[in-house]
1. Output the number of residues of segment 62-81 satisfying the condition of being under 12 Å from the mean Cα position of the chain (by Cα) and among the small types (G, A, S).
2. May I ask you to list pairs of residues, at least six apart or on different chains, whose Cβ atoms are under 6 Å apart, with the first in segment 137-158 being within 23 Å of T52 (Cα to Cα) and the second being open to solvent by 50 Å² or more (accessible area, probe 1.4 Å) and among the basic types (K, R)?
3. How many residues are open to solvent by 40 Å² or more (accessible area, probe 1.4 Å) and either of a type outside the set (F, W, Y) or part of a loop (DSSP other than H, G, I, E, B) (or both) if we restrict to segment 63-92?
4. Looking at V6, is it open to solvent by 40 Å² or more (accessible area, probe 1.4 Å) and either closer than 21 Å to N96 by Cβ or of a type in the set (A, V, I, L, M, F, W, C) (or both)?
5. Give the residue that is farthest from S78 (Cα to Cα), with candidates limited to residues of segment 111-137 that are β-branched (V, I, T) and crowded, with 18+ Cβ neighbours inside 10 Å.
6. Quick test of your reading of the structure: K18 fulfils all but one of (1) open to solvent by 60 Å² or more (accessible area, probe 1.4 Å); (2) under 16 Å from the mean Cα position of the chain (by Cα). Name the failing condition by number.
7. Within segment 138-153, can you find the residues that are hydroxyl-bearing (S, T, Y) and open to solvent by less than 60 Å² (accessible area, probe 1.4 Å)?
8. Name every residue in segment 106-127 that is of a type in the set (S, T, Y), more than 17 Å from E141 (Cβ to Cβ) and touching a strand residue (DSSP E or B) at 6+ places or on another chain (Cβ under 8 Å), in order of residue number.
Amino acid sequence: MGGKPVSTYGKLPELNAKAPDFVLTDVDMKDQSLDSYKGKFVILNIFPSVDTGVCSASVRRFNEDASKLPGAVVLCISKDLPFAQKRFCGAEGIKNVVMLSDFRSDFGKIYGVELTDSAMKGLLSRAVVVIDPAGKIVYEEQVSDISHEPNYEAAIKAVKM
């Protein structure tokens, strides 16, 4: 972060592995699992907080891209409370992605993205994971610096394969 090393709980699940299931909370306070999206390509856009510039930019970008990806869904995942996620989407006109909160689950540990040190300890790092319709991980990226945006084009390419 800002050129200084930070640690995460673990590593992202391996390519070609079955994606671990999870339960996260949507903006209406309902549980959503990976199984809810079975049979679709799923892009996990994982980030610390929608209230930061790079994080909100990633949600906006994936919102644009999602409208051009039939048969795919983009899940935007952070530790933000569902109320904040809903407020952000309403203010920004975000309608093509699903906002999910990790505020009461162990997703960050299961996917190895929870930060374990720094001022942002407990939040999620910035990463993208693409899961194919069979539930297998076909693309993953843990950004080299949390202040960097992910490689959108590579994630979208993984869906179009």
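The values are calculated or read from the model by the stated rules, or taken from the named source; none is laboratory data. This is a predicted model, so every value here is computed, not measured. Here Cβ is always computed from backbone atoms with ideal geometry, including for glycine, and neighbour counts include all displayed protein chains. Heads up: the accessible areas ignore ligands, DNA and RNA and are worked out on the full protein's heavy atoms, side chains in. Shrake-Rupley method; radii C 1.70, N 1.55, O 1.52, S 1.80 Å.
1. Here the count works out to 1.
2. Going by the 6 Å Cβ cut-off, the qualifying pairs are Y152/R61.
3. Step one: of segment 63-92, the residues open to solvent by 40 Å² or more (accessible area, probe 1.4 Å) are 64, 67-68, 70-71, 79, 81, 83, 86-87, 90-92.
Checking which are either of a type outside the set (F, W, Y) or part of a loop (DSSP other than H, G, I, E, B) (or both) leaves us with 64, 67-68, 70-71, 79, 81, 86-87, 90-92.
Residues meeting the conditions: 12.
4. Details: open to solvent by 40 Å² or more (accessible area, probe 1.4 Å): yes; either closer than 21 Å to N96 by Cβ or of a type in the set (A, V, I, L, M, F, W, C) (or both): yes.
So V6 fits the description; yes.
5. The initial filter retains those residues of segment 111-137 that are β-branched (V, I, T), namely 113, 116, 128-131, 137.
Next, only the ones that are crowded, with 18+ Cβ neighbours inside 10 Å stay: 113, 128-131, 137.
On the way: V113: 10, V128: 12, V129: 14, V130: 16, I131: 18, I137: 20 Å.
Only one residue tops the list, namely I137.
6. Result: K18 fails condition (2) only.
7. Correct list: Y139, Y152.
8. So in segment 106-127, the residues of a type in the set (S, T, Y) come out as 111, 116, 118, 125.
So of that shortlist, the ones also more than 17 Å from E141 (Cβ to Cβ) come out as 116, 118.
Answer for segment 106-127, where residues must be of a type in the set (S, T, Y), more than 17 Å from E141 (Cβ to Cβ) and touching a strand residue (DSSP E or B) at 6+ places or on another chain (Cβ under 8 Å): just T116.
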